[in-house]
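Accompanying notes for the structure given below.
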Amino acid sequence: MTRVAAVFAAAWMGGGVGGATEAPAARVDPYVPKARVVVLTDIANEPDDQMSLVRFLVYSNQLDVEGLVATTSTWMRNKVRPDVVHSVLDAYEQVQPNLLKHGPGFPTAAALRSVVVSGQPAYGMDAVGRDKSSPGAELIVRAALEDDPRPLWVLAWGGANTLAQALQQARDTRTPRELDAIVSKLRVYAISDQDDAGPWIRREFPGLHWVGTPSTPDGEQYYLATWTGISGDRFYRNAPGADFTTFTDEWVDAHIRNKGPLGRHYPFPCCIHEGDTPSFLGLIDNGLGSAMSPAYGGWGGRYVLRQPYGETRPLWTQGGDSFPGRDSSRDTVTGLDGKTYTSDQATIWRWRRAFQNDFAARMDWTTKDVGAANHNPRVVVNGRPGKEPLVIDAEVGTPVTLEAAGTSDPDSQALTFTWFFYPEAGSGIPGQPVFARRAPAPSPSPRAGVPGEGGIPSAPAGGPREAPLRVVLDHADGPRVTVMPKVPGIAHVILAVEDDGTPRLTSYRRVILHIAPAAGGATP
């Protein structure tokens, strides 16, 4: 017998004393369908922030946008450009009524303009201290103290000094309990370190939930970062096996730039496309539930909680031990060429065609009527609709049946079902060891929503270093699958449902198996 329940995280969320001074725990946040978000952007220093803002706006119905803060960075040290944010919002205002035809919740341009503010027009820690407050810093403090149990995500697309000022003035002017409530509420995803404020924040506030790769602010270490998996293949030459098709000028022109007023605000790149986009890709409510923990993995990448060399506390970052069964931030997937690749960047590019098709469809929503555009499948697993991950209690040697009866497509299109075991998911969460699995043969017909570009996730096969199989999936290419638990622990199984529309769209559902030892102690 199995018990199916929605995920209710036992982990604490905000408010407890100690969050400002104690190292963060590997907690799992409760599922929320709409994340609260504040964006810190050095927009106008190069094109990629504006690119990311265009994508961000067509997903604004899935996010509670509480701040769009113009900031500095090492690339733009002495000015901020809220005017560029406003110009993109002017284009969004023209398409927002059409977006509402395709789905509810797209905020008005006026509502978004009301949360456009600025940080100090100075570099890094020079902008932090007494009498250096800014509208951006004040906004962060107010938002973090709101009576809302959800985390507040601060997405650092540029420098982090506005966040540093918010924390500093909170420490100076608030009670210890209020400061702790602020730090406990915040979740930071930083696109590397683009000024000297990030390292200061991590030292001064060790309890702050921080996702990202520490770096020098000069860009020389950016090629190592997970976020470059968004599109950095050619510029950084760090993603062999990835398919760059959906970031070529030809594809972007056809599917993004040439689609209405908002598309015209998507500029041409000077380095890579949308380097900041991974910060919010994992917050999109697509059924993967990756906002609950950076360890889960999803469109925004996967991270482990560890203390990198030179850091004073653990953070959600890259690295770890590549020995099978040990925590590692790298995914092993099958590339477009049919070969196996293992990298941090693969934790993002494995999903690329799915999230690019999804973006293209939403750009269609800005100009097309409902009947002329494509919309995502609606996934049901074991009778439970929605996007929240499911938890199933299981036992070694006792098969578990998962079925997607009731799954539908709003456009009445044909659907393809693919179930896969995500062996690396959950790495770094206590009690959730990760086990490799043997790789099946590459799919002869890769599909857009199936991770790994070649259609499958994979791991090295054979040899004494391989850990035991955790689960085996039988008939994984249909609406019904049988899962055979092989060893105790926790295993993540993902269902990807793809339609046959234009572009092909994918929805997901994550199932988390809590596998107990067999009653008799035997392992099949």
Filtered residues of the stretch 406-427 (kept if over 12 Å from Asp499 (Cα atoms) and crowded, with 21+ Cβ neighbours inside 10 Å): Trp419, Phe420, Phe421, Tyr422, Pro423, Glu424, Ala425, Gly426, Ser427
Residue among Asp358, Asp337, Asp285 that alone is over 13 Å from the mean Cα position of the chain (by Cα) and in a loop (DSSP other than H, G, I, E, B): Asp337
All positions within the stretch 499-524 that are touching a helix residue (DSSP H, G or I) at 6+ places or on another chain (Cβ under 8 Å) and part of a strand (DSSP E or B): Thr506
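Give me the residue from the stretch 241-280 that is outside any helix (DSSP H, G or I) and among the hydroxyl-bearing types (Ser, Thr, Tyr) and, out of that set, nearest to Gly219 (Cα to Cα).
In this case the residue turns out to be Thr277.
Residue-by-condition table, conditions (1) modelled with pLDDT of 95 or more; (2) crowded, with 18+ Cβ neighbours inside 10 Å:
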{"site": "Asp131", "(1), (2)": "no, no"}
{"site": "Ala143", "(1), (2)": "yes, yes"}
{"site": "Glu146", "(1), (2)": "yes, no"}
{"site": "Pro151", "(1), (2)": "yes, yes"}
{"site": "Glu178", "(1), (2)": "yes, no"}
{"site": "Ile182", "(1), (2)": "yes, yes"}
{"site": "Pro199", "(1), (2)": "yes, yes"}
{"site": "Arg203", "(1), (2)": "yes, no"}
Residues of the stretch 96-129 that turn out to be crowded, with 21+ Cβ neighbours inside 10 Å, part of a loop (DSSP other than H, G, I, E, B) and either of a type in the set (Gly, Ala, Ser) or outside the structural domain of Gly158 (by TED's automatic domain parsing) (or both), as a count: 1
Criterion: part of a helix (DSSP H, G or I), out of contact with any helix residue (DSSP H, G or I) (no Cβ under 8 Å at 6 or more places or on another chain), farther than 20 Å from Arg81 by Cα and aliphatic (A, V, I, L, M) - qualifying residue of Ala170, Ala143, Ala181: Ala143
Odd one out for Ala20 among (1) crowded, with 21+ Cβ neighbours inside 10 Å; (2) modelled with pLDDT under 95; (3) under 30 Å from Lys259 (Cα atoms): (3)
Residue ID - surrounded by the most Cβ atoms within 10 Å (Cβ to Cβ), chosen from residues in the stretch 252-306 that are touching a Ser or Thr at 6+ places or on another chain (Cβ under 6 Å) and of a type in the set (Ser, Thr, Tyr): Tyr303
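The values are calculated or read from the model by the stated rules, or taken from the named source; none is laboratory data. The structure displayed is predicted, hence computed values, not measured ones. Quick reminder, even Gly has a Cβ in these numbers, built from the backbone with ideal geometry, and neighbours come from all protein chains shown.
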